Every structure is written in C-alpha cells, then in structure tokens.
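My questions will all concern the structure given below.
Each value in this text was obtained by applying a stated rule to the coordinates, not by laboratory testing. These numbers were taken from a predicted model, which means no experiment stands behind them. Neighbour counts run over all protein chains shown; Cβ positions are idealised from the backbone, glycine included.
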Amino acid sequence: MDFPKVGLLTALSKVPDFRHAQGQRHALSAILASVICGVLSGHCGVKQIVQWLHAQPPEFWHLLGYQRRPPKETWFRKVLAQLDAAQWEAVVVEWLGTAASDSPSSAATETLDVVSIDGKTLCGTIRSHAKTLHLLTVWAHASGLVLAQLPVGETNEPTAAAELFRGMLLKGKLIVGDAFFCQREVCQTIIEREGHYLVWVKENQPKLLKDVRSVFTDPAGFSPLPQTAS
C-alpha cells in the first residue's frame, strides 16, 4: 500500500495552537487526529468519539501522538470550542489534495486527475423549523477521496463551488460538473487555481450554447491540435 509523502499528523501540526504553554499537556495534532479517526470509525459527537478513543489500547494512543492517557470529554469540548475550524479545514483540504496527487495513478501518467463536484441533500437531516443539510462535495475519481465539502446554506451551488475551489490545490486536475456549474465565476476560479474544467452547456443558456456550437462548427475557429505560430 502506498502512503502520502506527508503524514496526516505532520499536516495537522500546521494548525495554529491557541493554547498557553501550561495548557499543552497533549499535542493539538493528537486531539485533531482523534476526532478525524473517531468520525471515520462511525462515531458522531464528542462524547462518542472520546468513549471510542479511551477504549483503544495504549499503542494506538501513541500512534496518534499522545504521551500519556488521552484527556476526558470536558477537555475535548473546551479545546474544540476554541479551535478555528476554518484553519483546521484548510490544512486537511490541502493534505487531501496532496495525498491524491501522490497516488500511484497520478504519478504513473501525465494525464489530468479527474475530480467531480456535486451537491446533495443529506437524508435524515430535516429538523423542526429548519432546512435539511445540503452539502457540496468534491471528490477524486482515482483515489475515491473526498477532497472538500461545504454546506450550501443560504447561497447557491455555483457560488459555494467558487468559494470551495479558492481553498483547493487544482493544478493538474480536471474538474467535472453538470450544467449547474457552467458559470463564469466557477470556471474563472478553476483557471486561476491552475486547474481545468469540463462542464455541460444546456438549452437553459441559449446564447452560450449557440456560441459554443459556432466555435466547434467553424473549421477555422477551433482545432484540438497544437497551433503553431505563423
């Protein structure tokens, strides 16, 4: 099995530690890794994650970076409540992008890594007097990794997609999306991040569809072959 060049714990050490020296009995990277591993093991909420963590053998604690017995639930809640979630997410998204680039399928060929983007409403998230949770997800085809997620909230998917892409490594990646993402802001953001895109153009954008068709039907206007300077 091939592993990323940079380990998750090393990546998590980049998250700024807001605690004073006397409050750093446990490495922040160990705390964050505990939460990630707990969620990946199917546990939701701080209480379940801490219970799962304390049920593991000491050898597992050491792998996460603990030098002593992990803290209790109250301590976890205190740290997570003060943590800058955006900084944590940015570090994890960057690591996932690097991990996908380090995969054998990426290294063996010079082709682009295909990445899809789509939005889905999660089942079972409806609450009284509240909307269901709608997530925009970006995932890599080759590795199956979810590279980033963002709740759509009060905005729309294209706006959320542009925001999501601004924080991602897109160089060497081909972003694939449906007609909903055929928007100037989305495509321009992908280009600015040195990525490529493939999106649908449909009849709901008649002028754009006509312009695209005219480019492909005009022999002098488009060629898939490299152009040489005259």
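For a quick check: sort Phe216, Phe180, Phe165, Phe60 by the number of other beta carbons within 10 angstrom, fewest at the front.
So the residues, fewest neighbours to most, are Phe216, Phe60, Phe180, Phe165.
Which pairs in the list Lys47/Lys173; Lys14/Lys202; Lys5/Lys202; Lys120/Lys207; Lys72/Lys171; Lys72/Lys120 are over 32 Å apart, alpha-carbon to alpha-carbon?
In this structure, Lys47/Lys173; Lys14/Lys202; Lys5/Lys202; Lys72/Lys171; Lys72/Lys120 lie more than 32 Å apart at Cα.
Taking R0 as 22 Å, what's the FRET efficiency between Thr98 and Ile191 from their Cβ-Cβ distance, rounded to 0.05?
Efficiency computed from Cβ-Cβ geometry: 0.55.
So how far apart, in nm, are the two label points at Phe60 and Leu133 if each is 7 Å from Cα heading toward Cβ?
2.3 nm
Label Ala90 and Leu112 with points 7 Å out from Cα along Cα→Cβ: what is the distance between them in nm?
2.7 nm
Mind running the shape call on segment 17-83? Use the C-alpha gyration tensor, a ≥ b ≥ c as the square roots of the eigenvalues: rounded below 1.5 for a/c, prolate if a/b tops b/c, oblate otherwise.
Taking the square roots of the gyration eigenvalues as a ≥ b ≥ c, segment 17-83 is oblate.
Just subtract the alpha-carbon distance of Leu40 and Thr159 from 0.36 nm times their residue separation and send over the number in nm, one decimal.
Extra length available between Leu40 and Thr159 comes to 40.0 nm.
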